[in-house]
Amino acid sequence: MKHPNPNTIQVLADEETPRAPAKAVMSQQALVSAYGAEVPLLFPSSAAWLPAGDGGAPRRNRFAFVCATLASMTTMLHSYNLTLMSGAQLYIREDVGLSDVQIEVLTGSMNVFMLVSILGAGWLADRLGRRCVLVIANAFLMAGALTMSLGSSFVTLMAARFITGIGSGFGRVVTPVYNTEISQTSTRGVLSSFLNIFINVGVLLSYVSNYAFSGLPVHLGWRIMYGVGVIPPVLIAAGILFMPESPRWLAMRGHHAEAHAVLLRTSDTPAEADLRLSEIRQAIAQWHQQETRSVWQLIVRRPTSLRRILMCVLMLDFFVPASGVEAIRLYSPLIFKAAGMKSNSAVLGITMAIGAIKICFILVGVLCTDRLGRRPLLLASTAGVTVTMTCLAMTLCIGAASAAKMVICIASVLAVVASYSIGYAMVVNTYNSEILPLRLRATGLSMGVAVNRLTSGLVTMTFISLADAITMPGCFFLYAGMTAAAFVFVYARLPETKGRSLEDMDVLFVR
């Protein structure tokens, strides 16, 4: 083999392999331009980015897949603890002696408590890094699950929900930021949707836990449901410590050599890593040129693309919980009992079907998001939820309790969940994390998730009272109307983002 020119750094394929691709050469001058003065002496050796695929095709990188999976597991714990109340409330009410109002507040309060950490998560993630905040989130989730399992009064249980809410808020904001920033353009839709996949895995596990421990004594079953959530955060936090930091956060802090090392491990080829680093550095440079005006001045003082982007994020995060699907998720036992189902075990068994349907249609959405695009899935999902939510309301309106009404009610609930899961449940987080520019991404997502959780808290903390005031069918007609408004908003205001780099999104919102 020829010795490489000392003035170049070469990535060479084995010459004995006839199908190896051509050499990729990058001059020292180009490296210095990309890194500044921080040219590393050694690059990380990762087989994931060596061009060793069959037929000369680069091997598809799996390291980013592993990182996104670990980060997303934090949101699985969030949804597990939140949704567990759906079935646990049946036993907590009897064991602790809580009223309807206390159950309603306990069920929905976690969404409100999350606001404390949500509003600070973006600031903290920009200073400590994405990975550090995810570790902190898991520490709070462990402490919250332990406190909940030992609680014996309304005050103690509310304190446990507060602790869990802090960890959940950190995880809900930082996970989509990390997944988006570490992924390639070609796989960003899939990796960003891991957040939603694991949220729904947590939902399914909570329903399974409800059903599995429902036969235990009243004072013990619900405590074990929460107790099994103590150990997983420890294991997940340990795994997160082995993940690399977000390359975009590293570049923002001036650590360009470390950022490039991470990009080499999360890209298919070194050339792709160089291109991604160049785009990140260009975006950061553009922001530095505007340092005389803060991002908030750019948003408030004149109608820039930033204002339109932030408005889309906030409106989407409002419409998702305003659809009422979270009320179905947390109060499905009450809905099925209103349709005539009497047995607690039968009700909890049906909730497992809800979790399974969510997972199946989330996976369908994941397979379609990088093929069909974000906009078609959002339009199909909002239209589907509008129609199926209306059917559910009409079913509860018509006739007395009967077997036929019960079957139609269950089918309608499953149809609502399926329509929601294929688009709403997994596209919105991906879309929002894509369109926000780097300088505003963590903070903007914090604001969006704050609106989401505040609206969700309003829906879940008022469902029982609202159903008493306007009837349960009236609630679902209201939610259907909100989702119809969301369809109009998506159709009129949201452009397609499929296939665009993160640094090129703002052009879609310039008019």
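The values are calculated or read from the model by the stated rules, or taken from the named source; none is laboratory data. Predicted model, so just to flag it, every value in this text is computed and none were measured. All Cβ positions, even for glycine, are placed from backbone atoms using ideal geometry, and neighbour counts span all protein chains on display. Surface areas here come from the heavy atoms of the whole protein model, side chains and all, with no ligands, DNA or RNA. Shrake-Rupley method; radii C 1.70, N 1.55, O 1.52, S 1.80 Å.
All conditions but one from (1) over 24 Å from His219 (Cα atoms); (2) touching a Phe, Trp or Tyr at 6+ places or on another chain (Cβ under 6 Å); (3) open to solvent by less than 10 Å² (accessible area, probe 1.4 Å) apply to Ala145; the one that does not is (1).
Annotation: of all residues in the range 106-142 being open to solvent by 10 Å² or more (accessible area, probe 1.4 Å) and in contact with a Leu (Cβ under 9 Å, 6 or more places away or on another chain), the one that is farthest from Ile163 (Cα to Cα) is Arg131.
Scanning the range 422-434 for residues that are open to solvent by 10 Å² or more (accessible area, probe 1.4 Å) and at pLDDT 85 or above turns up at least one hit. The lone criterion from (1) open to solvent by less than 60 Å² (accessible area, probe 1.4 Å); (2) modelled with pLDDT under 90 left unmet by Leu377 is number (2). Inside the range 39-66, can you point out the residues that are part of a helix (DSSP H, G or I) and modelled with pLDDT of 50 or more? Residues satisfying the conditions are Phe63, Ala64, Phe65, Val66. Of all the listed residues (Thr75, Thr69), the sole one being assigned to a helix (DSSP H, G or I), among the hydroxyl-bearing types (Ser, Thr, Tyr) and surrounded by fewer than 19 Cβ atoms within 10 Å (Cβ to Cβ) is Thr69.
Okay, residues lined up against (1) modelled with pLDDT under 60; (2) charged (D, E, K, R); (3) under 26 Å from Gly254 (Cα atoms); (4) touching a Lys or Arg at 6+ places or on another chain (Cβ under 7 Å):
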site: Ser278; (1), (2), (3), (4): no, no, yes, no
site: Ala283; (1), (2), (3), (4): no, no, yes, no
site: Gln286; (1), (2), (3), (4): no, no, yes, no
site: Gln289; (1), (2), (3), (4): no, no, yes, no
site: Thr292; (1), (2), (3), (4): yes, no, yes, no
site: Pro303; (1), (2), (3), (4): yes, no, no, no
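For the range 162-177, the candidate set comprises residues that are open to solvent by 10 Å² or more (accessible area, probe 1.4 Å) and at pLDDT 90 or above; within that set, the residue that is farthest from Gly144 (Cα to Cα) is Phe170. Are there helices (runs of 4 or more DSSP H) fully within the range 212-287 with at least 1 residues that are among the hydrophobic types (A, V, I, L, M, F, W, C) and more than 22 Å from Ser72 (Cβ to Cβ)? List them. Qualifying helices (runs of 4 or more DSSP H): 218-227, 247-252, 256-266. Might you check whether a residue that is free of Cβ contacts under 8 Å to residues at least 40 places away in the same chain, part of a helix (DSSP H, G or I) and of a type outside the set (Ser, Thr, Tyr) occurs anywhere in the range 429-447? No, the conditions are met nowhere in the range 429-447. Is there a residue in the range 397-412 that is buried (at least 24 other Cβ atoms within 10 Å of the Cβ) and in contact (Cβ under 8 Å) with a residue 40 or more places away in the chain? Scanning the range 397-412, I find no residue that is buried (at least 24 other Cβ atoms within 10 Å of the Cβ) and in contact (Cβ under 8 Å) with a residue 40 or more places away in the chain, so the answer is no. Could you tell me which residue of the range 152-179 is nearest to Pro247 (Cα to Cα), considering only residues that are of a type in the set (Ser, Thr, Tyr) and over 23 Å from the mean Cα position of the chain (by Cα)? Here the answer is Thr156. Residue-level check: of (1) closer than 24 Å to Ser456 by Cα; (2) open to solvent by 50 Å² or more (accessible area, probe 1.4 Å), Leu150 misses just (1). Scanning the range 496-511 for residues that are open to solvent by less than 40 Å² (accessible area, probe 1.4 Å) and not hydroxyl-bearing (Ser, Thr, Tyr) yields Leu502, Met505, Phe509. Just one of the listed residues (Met76, Met110, Met148) is under 22 Å from Thr351 (Cβ atoms) and under 15 Å from the mean Cα position of the chain (by Cα), and it is Met76.
Scanning the range 482-495 for residues that are in contact (Cβ under 8 Å) with a residue 40 or more places away in the chain and either β-branched (Val, Ile, Thr) or open to solvent by less than 60 Å² (accessible area, probe 1.4 Å) (or both) yields a count of 9. Contact annotation: residue pairs with Cβ atoms under 8 Å, 6 or more positions apart or on different chains, pairing a residue in the range 195-212 that is farther than 14 Å from Ile359 by Cβ with a partner that is open to solvent by 10 Å² or more (accessible area, probe 1.4 Å) and of a type in the set (Phe, Trp, Tyr), are Ser209/Tyr80.
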